Amino acid sequence: MTTVRILYPYALAVCLVVQAVHGTRAAAEDFYVAVDGVDGNPGSEAKPFRTIEQAQAAAAPGDTVYVRGGIYRFSGTQAAIGVAFTKSGTESKPIRYFAAPGEVPIFDLFELKPQARVTGLDIKCSWIHIRGMEIRGVRQLIVGDSWSVRIRGDHNVIEQLNVHDGEAPGIFIASGASNLILNCDSHHNYDPLEDGGNADGFGCHSSGGDNVLRGCRAYENSDDGFDFINAPGTCTAEGSWAFRNGFIPDTNMAGANGAGFKSGGFGLPPNIPATGVPRHVVRGNLAFGNRAIGVYANHHPGGIDFFNNTAFDNPANFNMLASGTSSHKLRNNLAVEPGRAITSFNGGTDTDNSWTLPVTVSSADFMGMDRAQALLPRQADGSLPNIAFMHLTPDSDLLDRGEDVGLPFSGSGPDLGAFESGLPTTMNPMDAGSPDPGVSVDAGVPTTGAAGMQTSTPAGAGAAGQTTTTTPALAGSTAPAGRAAPPLAAAAGQASPTPSVIAGSAGSVQAPASQPPAAPPPQSCSCRLASAPAGASPTSWFSWLALGTLAVLARRRRAR
Ligand SMILES: [Ca+2]
Ligand SMILES: [Ca+2]
Ligand SMILES: [Ca+2]
């Protein structure tokens, strides 16, 4: 016993010395960043850092950095990057940068004005998870794209960002594989030095595959909502909404291309990659009121899977324009007038869509026609709001008319369109049960054999190469030139249970009369961070372990 009593403290001391020497820690740590912090601080809740970079220097894989609410202003003419993320986590220990629970950190870049292309958040690392921040005001001072959020890395999760009013694309995957962009909003982006031609809401342009955009909203962007142009790697857009893209934000003046989901555009000779032309996936999405096209194949010479999308009031709801041989697969899609159902379809198969079935599509099929509902606040977990808009009525002949494409459904078959009756409003392959376990609904986040990572941005991605055949002149668009009240802004109206007619052309969206006019668009992510890890600092080793395990499990579940 004596020996044990003597040895125990000795062993403990040795252990502590070893830990100190090797810098290892028994448990993950939390750090804090605040507007009134100081980088010389220890980064505790009471004495936070001022910059994320300082927190990043202190953080190790598995750690969490909580960013307190408030406005973080960036200014000057020297720096060209707002926040540079350069330290990678690991698969089992990502580094997390989360908004403090219930708070919204705002990165404000309006006054950052170098003679250079500006990047708001530059994510040049892997296995990090960013959540709950707002990024606004990235400027374009020279010709060439700036970026509000640029990703060059693998396996990152970018969640609940609200990216807006940038003179640049919103969230842009330049390189890397298996990134997940989850429940983010990107809106009111417009690049004046390129006449609005590259300010997409979201861009997936990587040679690395398995990048996924899920639960995202793109609106009032001057070019496209989602754009996969020049992407040699596979991209998936699912459960996402694109509306009012292709206009100068908050006006009815034409911006640039104006597609909701520009879902292709790579692989024409001589640009055929060794891995073949990528087969992208576009499923469960809603596109309405975009200036030219709802869902667009953009000359893609291979095939794209288009499943269960709803397109409403785009001049061309589905445009399958292809160069070379295409093998598109269209299933269970729903086109709602106004707008032609499908154009330029000359390769592949389209069965069980609203235009190939003996069904009728009218306002009577829908629970609601109030477009402003698309701007309602997100749910507590960050997912898109529950709305009546474009959801089918119980007696619609569009119910159960689709075929099984491996997505969850209720009733005797999949419904047409993006919103399956009897399931949560937003199709989410991640957490809904599948009727057919033999069919994978994996969105492709875990990667095997993904293409290598590029180290540079594709030059002029979104601009070079194939271009859209724009369809100007929205039928019935009589709005005068000049700035108009934000067409969808007053939003947040109550559900309008029964519509009478399908509203007219794009730009005709009106908030309910009872709403105050021209309320500003949502300026901050209103989602509560329901799953934020315990704000309190755990004291026992066991609580650390439990939290870490839960976090890893949660992340793995999310990644599936
Ligand atoms: Ca009908
Ligand atoms: Ca069904
Ligand atoms: Ca574009």
> Full extension from residue 404 to residue 51: what is 0.36 nm times the residue separation minus their Cα-Cα distance, to one decimal in nm?
Replying inline: 122.2 nm
> Across 5 Å bins from 0, what is the distribution of all Cα-Cα pair distances for segment 242-367, in whole percents?
Replying inline: 2, 12, 21, 23, 18, 12, 8, 3, 1, 0
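For a Förster distance of 41 Å, can you work out the FRET efficiency between the beta-carbons of residue 351 and residue 195, rounded to the nearest 0.05? It would help to have the intermediate numbers written out before the result.
Numbers: r = 40 Å, r/R0 = 0.97.
Working from the Cβ atoms, E equals 0.55.
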> Which FRET efficiency value, to the nearest 0.05, do you get for residue 36 and residue 386 by plugging their Cβ-Cβ distance into 1/(1 + (r/R0)^6) with R0 = 45 Å?
Replying inline: 0.75
> What is the local net charge at residue 173, summed over the other residues whose Cβ is closer than 10 Å to its Cβ (Lys, Arg +1; Asp, Glu -1)?
Replying inline: +2
> For the residue pair residue 268 and residue 337, what label-to-label distance in nm results when each label sits 7 Å from Cα along the Cα-to-beta-carbon direction?
Replying inline: 3.4
> Hey, rough spin-label estimate for residue 75 and residue 143, points 7 angstrom out along Cα→Cβ, what's it come to in nanometres?
Replying inline: 3.1
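Rounded, prolate or oblate, given the Cα gyration tensor of segment 117-245, with a/c below 1.5 counting as rounded? List each step's numbers first, then the result.
Numbers: a/c = 1.41, a/b = 1.33, b/c = 1.06.
Cα axes put segment 117-245 in the rounded bin.
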> In what sequence do 253, 367, 320, 133 fall when counting other Cβ within 10 Å, fewest first?
Replying inline: 253, 367, 320, 133
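Rule-based calculations on the coordinates, nothing more; no lab input. On a predicted model such as this, the values are computed, not experimentally measured, just so you know. No Cβ is skipped: glycine too gets one built from the backbone with ideal geometry, and neighbour counts run over all protein chains shown.
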